[in-house]
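Structure record follows, encoded as structure tokens.
The values are calculated or read from the model by the stated rules, or taken from the named source; none is laboratory data. Because the structure is predicted, anything quoted here is derived from the model rather than measured. Backbone-built Cβ (ideal geometry, glycine too); neighbour counts: all protein chains shown. We work out accessible area using only protein heavy atoms, side chains counted, and drop any ligands, DNA or RNA first. Shrake-Rupley method; radii C 1.70, N 1.55, O 1.52, S 1.80 Å.
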Amino acid sequence: YRIRPHDRISITMYNHPELGTTSINSQREDTTGVLVDSKGYVRLPLVKSIHIAGLTQPAAQAKIEKAYKAYLENAELNLQVLNKRAYVLGEVKNPGAVNLFNERAPLLQVIAEAGDFTDYANRHAVVIMKQRKNKVVTETVNLTGPNSIKMANLMIYPSDIIYVAPNNVRAFNIGVNEVSPVFDLAGTITQPIVN
């Protein structure tokens with residue numbers, strides 16, 4: 001994962017907690033972090049602006065540590081990107097963003113974080129859209145076939161989108177619900193005649 005503009009990062013300074021965005025001594029950690037601006041810079045106390053967009057998490061951490069070492073003797077820190085997320089849409093119980101704390105997670109774990117499938121989920125056609133370099137790669141996964149264990153362990157990375165399509169029963173129920181008011185109206189009109 002490479003840090004991008006508008007990412008939110010958290011910095012913990014071990015020997016100088018007042019300079020970090022979180023305090024390791026406090027019970028409640030500040031999870032708001034610091035925003036990387038649109039040009040890829042992050043503003044920090046003492047060292048001002050540092051360009052970190054395009055760097056991996058360890059490379060950005062080393063660059064910030066080096067900047068602090070010009071001012072501090074023991075400048076050890078930990079950098080975390082707070083907004084590493086995948087997105088799950090469609091027939092899951094809690095659609096939306098799912099945090100990826102380890103830069104990646106298996107497909108089934110991400111779906112479990114989204115509350116699991118609904119009763120109307122089409123497990124034969126789970127679509128995964130991945131941004132790779134300058135193009136979007138789409139893969140359709142069958143979680144019921146002979147390779148279902150292998151597919152369930154497919155790795156999901158930050159910014160990947162998982163779409164769980166509805167099955168045929170859902171489409172039928174939607175059609176019935178659209179026609180049902182017409183039958184209710186016809187029944188209401190014909191009820192006095194029948195009586």
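Table for the structure above
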| quantity | calculated |
| --- | --- |
| Residue match in region 2-10 (condition: over 19 Å from the mean Cα position of the chain (by Cα) and either assigned to a loop (DSSP other than H, G, I, E, B) or at pLDDT 85 or above (or both)) | no |
| Number of the condition not met by Leu46 [criteria: (1) within 30 Å of Glu139 (Cβ to Cβ); (2) touching a Phe, Trp or Tyr at 6+ places or on another chain (Cβ under 8 Å); (3) in a loop (DSSP other than H, G, I, E, B)] | (1) |
| Condition met for Arg28 (open to solvent by 70 Å² or more (accessible area, probe 1.4 Å), of a type outside the set (Ser, Thr, Tyr) and at pLDDT below 90) | yes |
| Residue selected from region 35-57 under the condition at positive phi and at pLDDT below 90, by the criterion least open to solvent (accessible area, probe 1.4 Å) | Leu46 |
| When residues of region 75-93 are limited to those that are in a loop (DSSP other than H, G, I, E, B) and in contact (Cβ under 8 Å) with a residue 40 or more places away in the chain, the one most open to solvent (accessible area, probe 1.4 Å) | Glu76 |
| Residue check, Ala60 part of a strand (DSSP E or B), in contact with a Leu (Cβ under 7 Å, 6 or more places away or on another chain) and surrounded by 15 or more Cβ atoms within 10 Å (Cβ to Cβ) | no |
| Inter-residue pairs, beta-carbon under 8 Å, first closer than 25 Å to Asn74 by Cα and in region 1-20, second modelled with pLDDT of 85 or more and open to solvent by 90 Å² or more (accessible area, probe 1.4 Å), 6+ apart | Met13/Glu76; Tyr14/Glu76; Asn15/Glu76 |
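Conditions (1) on the phi < 0 side of the Ramachandran plot; (2) touching a helix residue (DSSP H, G or I) at 6+ places or on another chain (Cβ under 9 Å); (3) polar (S, T, N, Q), marked per residue:
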{"residue": "Ala59", "(1), (2), (3)": "yes, no, no"}
{"residue": "Glu91", "(1), (2), (3)": "yes, yes, no"}
{"residue": "Glu103", "(1), (2), (3)": "no, yes, no"}
{"residue": "Asp116", "(1), (2), (3)": "no, no, no"}
{"residue": "Ala125", "(1), (2), (3)": "yes, no, no"}
{"residue": "Tyr163", "(1), (2), (3)": "yes, no, no"}
